[in-house]
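Any read-out appearing in this document is the output of simple, stated calculations on the displayed coordinates, not a laboratory observation. No experiment lies behind these values; they were computed from the predicted model shown. Here the Cβ positions follow ideal geometry from the backbone for every residue, glycine too, while neighbour counts run over all protein chains shown.
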Amino acid sequence: MEINNNFSLKNYNTFGIEAKAKQFVEISSEEELKTILQQYEGEKKLILGGGSNMLLTKDVDALVIHVGLHGKKIIKEDDDFVWVEGKAGENWHEFVMYCVERNWGGVENLSLIPGTVGAAPIQNIGAYGVEIKNIINLVDAIEIANGTTRAFTNAECRFGYRDSIFKQEAKDKYLISSITLTLTRKDHRFNTSYGAIEETMNQHGNRLLSVKNISDAVIHIRRTKLPDPARIGNAGSFFKNPSIGIELYDFIKKSYPSFPSYPSANGLVKVPAGWLIEQCGWKGKTFNNIGVHQHQALVIVNYGDGNGEKIWQLAMDICASVKGKFNITLQPEVNVVG
């Protein structure tokens, strides 16, 4: 292991923001991690995976630990299910493809989401009607304070909408080392109710519902609608889709008859943040090197040497305009560091 001082994080966050880490180390085994935690006991640390859900607004005055734990394997299987483990440093989409290629069902709607396996449960990643909470069995983690290991069951993860215990009371207390998913081997329960999955499949002549065909459709939709972080700096959806009361929804719908919505819990209505932002005129707007993506208003982009503080200010300006126009409060999905 090599400890790097004053280390550039530009290539370690999908926004492509230039920020320096006080110290930086990449760990490739749990033994290395425990050694580092012991050596730097009591010092500030930041755990870094793929950097795909992060906005750096200034230099990081801490030891940044980049998770390089790799590997995937079958824990157990029977005629109906397979329990598959992925180490935290694995690329999420590549892990999904590993499952899709074997016709293991349940993860296909989560294709092409950027990031790592270890970051997936923190955010309770979701897309097209499926969240990782639907398929996760265990989350193995290492306590940063003392290096002890713990396995979190699905219930113990306390999953919510883009939320988990790892964003709440366990935030910054654990490093996720691996996750185990429970996937179907047959009698797959497909979810095509959200978005244009079936329409896309039909357009490509793939009318048969299958793990691969749904995955292919999701990949096509995401590539059409969302910018590739390798080409344009971004962190995917910057804001959560808010849930509002039916009274407010009905009031807005009188002025905007096409106001879209989706069912939500507790008598609330979930509405698309991208639609709200677009109605406020932000879609496609650019401000020097940053802006709002021309095809998806939910995505803030860095076109060049954008500044993290200015991106955050743009996000706050968007929130203020949506609040002023619709009386709806947007919440960032992205983890702001700074």
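Residue by residue, the stretch 267-281 carries 3J(HN,Hα) couplings of x, 8, 10, 8, 10, x, 4, x, 5, 4, 5, 5, 5, 8, x Hz when phi is fed to the Karplus relation 6.51 cos²θ - 1.76 cosθ + 1.60 (θ = phi - 60°); x denotes Gly or Pro.
Which pairs break 25 Å Cα to Cα here: 133/325; 253/323; 10/133; 76/171?
In this structure, 133/325; 10/133; 76/171 lie more than 25 Å apart at Cα.
Using just its DSSP H runs of length 4 or more, each adding -39500 (n - 2.57), the chain gives a mean residue ellipticity at 222 nm of -7000 deg cm²/dmol after division by all residues.
Of all lysines in the structure, the ones whose alpha carbon falls short of 18 Å from that of residue 73, not counting any fewer than 8 places away in one chain, are 87. By the compact-protein rule of thumb, 2.2 N^0.38 Å, the alpha-carbon radius of gyration of the stretch 60-159 corresponds to a ratio of 1.12. Each label point was placed 7 Å from the Cα along the Cα-to-Cβ direction; for residue 228 and residue 202 their separation is 3.0 nm. For the stretch 4-67, the spread of Cα positions along the three principal axes, ordered from largest to smallest, is 31, 20, 17 Å. For residue 144, nonlocal amide neighbours, meaning residues 5 or more places apart or on other chains whose placed amide H falls under 5 Å from its own, are 174, 175. Database remark: amide H of residue 62 closer than 5 angstrom to the amide H of 22, 23 (H placed geometrically; neighbours at sequence offset of 5 or more, or on other chains; Pro and chain starts carry no H). Ignoring lysines fewer than eight residues from residue 225 along the same chain, the ones with Cα atoms less than 22 angstrom from its Cα are 212, 240, 270, 283, 285. From the alpha carbon centroid of the stretch 282-327 to that of the stretch 83-127 is 28 Å. From largest to smallest, the equivalent ellipsoid semi-axes obtained for the stretch 189-338 from the alpha-carbon gyration tensor read 27, 23, 13 Å. As a proxy for reagent exposure, 264, 164 were ordered by neighbouring Cβ count within 10 angstrom, fewest first; the result is 264, 164. Residue-wise HN-Hα couplings along the stretch 222-227, as the Karplus relation 6.51 cos²θ - 1.76 cosθ + 1.60 with θ = phi - 60° gives them from phi, are 5, 5, 6, 9, 10, x Hz; Gly and Pro carry x.
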